[in-house]
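The structure appears below as structure tokens.
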Amino acid sequence: MTLSGEMLAFTLLSLAAIMGGILLITLDRVVHMVIALVFTFISIAGIYVMLSAEFVAAVQVLIYSGAITIIMLFGIMLTRHNDTNQQTAGIFRKLLLLLGIAGFGIAVYAGIYQLDIPPEETSLHIDNTRKIGTALYSRHIIPFELTSVLLLAALVGAIILAKKDSEKGEEEEG
Amino acid sequence: MKEVLLTILVFSPLLGMAALLLVHGTQERRIKWVGILGTLPALSISLYLYGHYLAGHSLNVFSEKAGWIRFGDFQQIDPKLFTVDYELSVDGFSLLMVLLTTVLSTLAAVASIHIKKEWKGYYLLFLLLEIGMLGVFLAQNLVLFFIFFEITLIPAFFLIGKWGYAQKERAAFSFLIYNGFGSAVLLLVIITLLARAGTTNIEALKYLINTEGVPLVSPIPSSMKYGMLIALLIAFGVKLPIFPLHTWMLRVHVQAPPSIVMLHAGVLLKIGAFGIIRFGLGIFPDQFKDLSVLIIVLGVINLLYGAFLAFIQQDFKMVLAYSSISHMGIVLMGLGSLNEAGLQGAIFQVVSHGLIAALLFCLVGIFYERVKTTSIKDLGGLSSVMPITAGFLLASAMASLGLPGMSGFISEFMAFLGLFKADPILAAIGTLGIILTAVYLLRAAMGMIFGKPKLQVNSEAVRDMETAEMVPVFILLAFIILIGVYPAVLSNPLADTIQNILSGSGG
Amino acid sequence: MTSIPLSAYLVLALVLFCIGLYGALTKKNTVIVLISIELMLNAVNINLVAFSRLGPSPSITGQIFSLFTIAVAAAEAAVGLAVLMSLYNRKKTVNIDEMNSLKH
Amino acid sequence: MLDKGDEDAMMEIAWIIPLFPLLSFLLLLAAGRVLKEKSAYIGILLTLCSFLFSVLVLWGRIRGDTYKAEADWLNIGEAHIKAGFEVNQLNALMLVIVSLVSFLVHLYSKGYMQREDRLPVFYAYLGLFTFAMLGLVISPNLLQLYIFWELVGLGSFLLIGFYFYKEEAKAAAKKAFIMTRIGDVGLFIGMILLFWKTGSFDFQVIFQEVEGGGITQSMITLTAILIFIGAMGKSGQFPLHTWLPDAMEGPTPVSALIHAATMVAAGVYLVAAMYPLFLASTSAMLIVASIGGLTAIFAASIGLVQRDIKRILAYSTVSQLGYMMLALGTGGYTAGVFHLMTHAFFKALLFLAAGSVIHAVHTQDVEEMGGLWKKLRITGPVFLIGTLAISGVPLFSGFFSKDEILSSAWENGNYVLFGLAVIAAFFTAFYMFRLFFLVFSGRLKKQGVLVHESPRSMTFPMIILAVLAVISGYINTPWFGTFLGSWLTEGNPYLEPEHRSGPVWIMGAATLVSLAGIALAYLIYRRNSISREWLGGEGSFLHTVLYNKYYVDEFYQGTIVWLTGFVSIFLSYIDRFIVEGLVNGIAASIHKLGRLLSRFQTGQTQHYGAIAFLGLAVLVIIFALTGGMFG
């Protein structure tokens, strides 16, 4: 494994992503946590680019780094939280979980280690977006349409959930 | 048309269900009519099948098959590997069971006129139950069989739990838990077979398991075959029921509405026997042969245990419940003897007991409706107040105790004929059951019919059977006598099936 | 042609997944729990895209799948937050420990 | 002179004979409510048809040869079980006896059951019984015989329980059914064993196999005994006799038809029909003879002290059936069948006459009757004829048949059995005349009851039977030729024509013995010159034992019935506490476990998640360590 430019890029991106993740669980203030996560999301977008998935990378930046992060920030703000996050989970449970996650990680790593799939030549990077568009509107048209239904349902659901209760809350207050 | 006739047959009750949905829930008469009519398409198709058979044509033309589920992609090895098709087919044995189902369904639908509430839901579930029962007998692979098998459980659970008597909920839960347990065991066997043999088609399994040197996905050691056979016996033994897995069935017999017990005792219990014959004996004939003595012993235990207990019951329904256990012993004995006579006797007993049990419970429904009790002590002298009902009751008790000229005798006779060849000693012990059957049935039936009318029965309001009620009773009795007088109506369709099964066991 | 082996991506995804999991199971703030779940979803997405490029039979389907995942994740985040808001309006808390009214 | 074809034509239609009564049964069942008392005519008419056809068939058989027709009925693999009918000498004779007695009883019942509301039902049952009985006698194979055998039992059961509201009738019907069923199981087993040994149910095939040595000797004995157990049940042989006296709870015509003339004789018929099988085993023959002899004396001794007129006749029937068995068991085939025939006539006569008496005085207790001779001008004489016939007074039919039996027992060389038979003959003469004198002589004991002779429909059958009771003996006498004997055995390879003349002194001794019995009865009950208490009066040990029928019923009650009940209760406890308890135990422990596990339901999403994940982790680790399922 030579230290090529690609390797370097991968190393940097993955380090950034993992750093973001670690910051997420170590930082105290909730807003900081979300900001740390943005790093992770953007690094992952970079990883996508390396995997010749430009369109997915773009979507990742737009949706995750943009939309979802913003929604989360709104959430935090609307709940008017004293934005330090007091962790109260029992030390025993944390240890057990760490142990479990470590075991899980090692087991899966063992699986990954055994995995040996010879890379094949692909043409995914050529006209990536066009290919996605073609596939999405031909072979995957039904799931695609269903996704739109899902999104609509989520939209309506979110509005109703948020609205009804706030009205009720007002009535109770009033 | 012929290629999809079986599918139409199985799902024809859906038509009735759809029609029921259009009827308003308070229109009692109309709902009952629609419910009864809903069972007729299946009845007429099955009669057509029987006519087709009588005309001498092969039943194979009705077989149908369509690709359905595919686990993994093994096209290059064997396109059939790990696939489950939607396949229905009918042979002599399943034809009889289907006929039994459709006839009893229609008659039970007629007998359901005594249902007092929520007719719509009742008939919807009733028709759903019929779909399940029909599918069970026609399915050609274990997965499909299992699905239909489960379809029968759910409507039966609600029918028992909602329209039954005082302790209906408990009965329904017993029913579900025991049968669920049986299903779980059955599922284990099915999955093992699918994983090891790569198919669940019955014919294919017969070939794969019993032929030396056929490559399987992974080999099935002999001990595992025994294990699977015993598991099958347990799974279907719950249904049949085999001692000591029988207690749930007592509660169902006593607590469920009589029209449902007609179907339950008449068809659902018979699925157990059907399964043992089709799968236990069909797929594992050699292992079955080795266990045949065990099966005979179980049969004799069932026969005598049920008979002794029926002897001291105070409730007529309990007597009938134990008598079912006892009669199922004869099925096991016939199966265990593993010869033509025994096997034929067992299948005859399945059909015949189905009819007789249905008849008895139909009558129970009729007189319970009038006197509001089934306790033998409280009854007595039914002959004076309801002579026709009493006469039919006596006739069905006679049928049940194996009076010649009725179907019960033929099956009992053939089962013992087979058993005496296979194992004379156990058979001789079993004949004690013949006497005991007479003793307990006469005790119960005469306790109700003969003697002086007791107080509860003597009231003015008690009328005799009405014409509508007489229809199912009369038809059932006619079938019972027909089989008893001319058994060839059953034995001819069965000949091939029995040959097929016995050739599998090499004797 | 890439010089980075498939397993490198998978390990990266594994690490991110484990971090997300830990966060989801230990953090008290419901918002953070939601964010951790997003992180886990991202880890899965990396796998999907990596397999679509470097898997046994490379195809575009993996990318399509990841797009669907993102869409569903977005919906989930929106609904999740809506639920959180309405809960907050009732209970005045976002502490996940206090949301146990479904207990038997 | 008819040619051969006509005779066959006569016998070809034998199958129709049982169908008339069946038709009567179905018709009356369906339309009885409409027909009401007219249903009697239907029953009578149809049985008359049966009788006429039976006579035709008998005529055809006398002229022609055995006729047999059958068709496949049931296929079991390779085995074909057939159904059909056969007309041989024995069958043809039985057909006539059964249909004649049945016809007369139908006729008699018209008068006797006049006031009964359920007359159609009664005639329907009679039809069913007659159908079954006629079907039984023309069966060409054991299975068919067994089928009708059970149906006959059903008919008997229904008729005994005709007065269903009487507790005694209910108990008697139940007892009759169950006791005979116990015997039937013997027949059932014997039949199946024979089938597996010979490959057929057909009488002829079985006999050929027996003859040809196809069956081992022990198997022949076993099957013969099993079949005899069946005969014991139906014919009320000791120890399965207790149902027969109780069966007198049924209407009297029924007792005459079923429990005297026809059904109870079916056991004898069965042994006669299977005779070659019995002949092949000396031990089976000995058992038949011993049981027969024992029953004859046993039942006769009980008959000495009974008070119920019908019960006395019932015990007499049991005793006479024992006689027939004794005859068959000692090789007297003709004697047995002959006595079967004569007994059918005179016992039916006695029962019908007894019915007429009961009809007149409305009691069954002989101690309450008396002096009826003058009141019942027809019943009295016919009863006397019957009594003379059964007692074996010379010139009456019973004399000849009894003589045959005694000679056959003597020739067999079994002198113990011969002695038993002689004593039984003495008893018979004594108790029958005791009955006669108590009922008809002396003064009228029952006052205030208008005693009147029965209507003509009742007296007519009695007169016919009385004539037959006298003359039927003459078809087989040592004086005018043994027509019946030679005809019965002719052309039958298994039976040798009998020339049973026997020592002449037997006839004299038999006459003396019966006359002695009559004389004793005369002295005690007519003349009162010997005290009734001379051998132990009421209350003495002997009387008590006899009056209580040797306590056989009580013995059964105390052993078999008790044991069955005990086993049942024992098993019900097992069912309730062990089987059910086990299940309930499992259910309870699952419930407890559920309680325990529900503590883990903290409501904390993260707990759930953590637990679920840890489970997953453990699974994955195990997978990784073991290499997985497909590894």
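Just so you know, all these numbers are worked out from the coordinates, no wet-lab data involved. All values derive from a computational prediction rather than experimental measurement. Note that each Cβ is placed from the backbone with ideal geometry, even for glycine, and that neighbours are counted across all protein chains shown.
Observations, loosely collected:
- Rg/Rh ratio calculated on Cα atoms of chain D (Kirkwood radius): 1.15
- Principal axis extents of the Cα atoms in the stretch B:291-507, from largest to smallest and rounded to whole angstrom, are 64, 32, 20.
- In this Cβ point-charge picture (+1 for Lys and Arg, -1 for Asp and Glu), chain A has a dipole of about 200 debye about its Cα centre.
- Exposure proxy ranking for B:S46, B:S89, based on other Cβ atoms within 10 angstrom of each Cβ and starting from the fewest, stands as B:S89, B:S46.
- Taking label points 7 Å from Cα along the Cα-to-Cβ direction, B:K2 and A:I141 give a separation of 4.0 nm.
- Only lysine pairs 8 or more places apart or on separate chains count here, and in the stretch B:291-507 those with Cα atoms under 16 Å apart total 5.
- Rounded tilt (10° steps) of D:89-112 against the dominant C-alpha axis of chain D: 90 degrees
- Charge dipole of the stretch B:291-507 (Cα centre as origin; +1 on each Lys and Arg Cβ, -1 on each Asp and Glu Cβ, all else neutral): 460 debye, rounded to the nearest 20.
- Order of D:I287, D:I138 - criterion: other Cβ atoms within 10 Å of each residue's Cβ, fewest first: D:I287, D:I138
- For D:K549, a cut-off of 21 angstrom between C-alpha atoms picks up these lysines, skipping any fewer than 8 places away in its own chain: D:K170, D:K174, D:K175, D:K234, D:K310.
- Kyte-Doolittle mean at least -1.0, axial Cα span of 30 Å or more - DSSP H helices of chain B: B:142-163, B:168-197, B:316-337, B:340-371, B:424-449
- This ranking places B:S222, A:S43 by how few other beta-carbon atoms lie within 10 Å of each, fewest first, which gives B:S222, A:S43.
- Computed over chain D: relative contact order in percent, which uses C-alpha pairs under 8 Å that are six or more apart: 11 percent
- Under the Debye formula (equal points on every Cα, no solvent term), log10 I(q)/I(0) of chain B at q = 0.08, 0.12 Å⁻¹: -0.46, -1.06
- Across all C-alpha atoms in the protein assembly as shown, the radius of gyration and Dmax reach 42.9, 146 Å.
- A straight line joining the Cα centroids of the stretch B:54-94 and the stretch D:556-631 runs 38 Å.
- Theoretical ellipticity at 222 nm over the protein assembly as shown - DSSP helices of four or more residues, -39500 (n - 2.57) apiece, nearest 500: -23500 deg cm²/dmol
- Extension gain from D:F483 to D:A30, taking 0.36 nm per residue of separation minus the Cα-Cα distance: 158.6 nm
- Label sites at D:I569 and B:I429, each approximated as a point 7 angstrom past Cα along Cα to Cβ, lie 2.5 nm apart.
- The stretch B:1-289: Lys pairs at Cα distance under 19 angstrom, eight or more positions apart or on different chains: 18
- Annotation: aspartates and glutamates with alpha-carbon distance below 17 angstrom to D:K110 (same-chain offsets under eight excluded): D:E37, D:E453.
- GNM top mover of C:S36, C:S66, C:S86 - chain C, alpha-carbon springs below 10 Å: C:S86
- Partner aspartates and glutamates for A:K131 [C-alpha distance under 14 Å; skip if fewer than 8 residues away on the same chain]: A:E54
- The angle separating the long axis of helix C:30-54 from the principal Cα axis of greatest extent in chain C is about 10 degrees.
- Here the extension length gained between B:F181 and B:Q499 equals 111.2 nm, from 0.36 nm per residue of separation less the Cα-Cα distance.
- Within the listed set A:A57, A:A135, A:A107, the residue fluctuating most in the Gaussian network model of chain A (springs between alpha-carbon atoms under 10 angstrom) is A:A107.
- Each Cα pair under 8 Å and six or more residues apart adds its sequence gap; the mean of these over the residue count of chain C is a relative contact order of 26 percent.
- Eigen-decomposition of the gyration tensor built on the alpha-carbon atoms of the stretch C:1-63 gives equivalent ellipsoid semi-axes of 28, 12, 6 angstrom, largest listed first.
- Here the stretch A:114-141 and the stretch D:35-100 have alpha carbon centers that stand 91 Å from each other.
- Over the C-alpha trace of the stretch B:1-289, radius of gyration and Dmax come out as 19.6, 64 angstrom.
- Dividing the convex hull volume of the alpha carbon atoms of the stretch D:549-588 by its residue count gives 28 Å³ per residue.
- Square roots of 5 times each gyration tensor eigenvalue, C-alpha, the stretch B:1-134, largest first, Å: 33, 20, 11
- Protection-proxy order for peptides A:14-27, D:394-407, each taking the mean of Cβ atoms within 10 Å per residue, highest first: D:394-407, A:14-27
- R0 of 60 Å, Cβ-Cβ distance B:R29-D:D553: FRET efficiency to nearest 0.05: 0.60
- Note on chain C: with a GNM built from Cα contacts shorter than 10 Å, the maximum mean-square fluctuation among C:I35, C:I60, C:I46 falls on C:I60.
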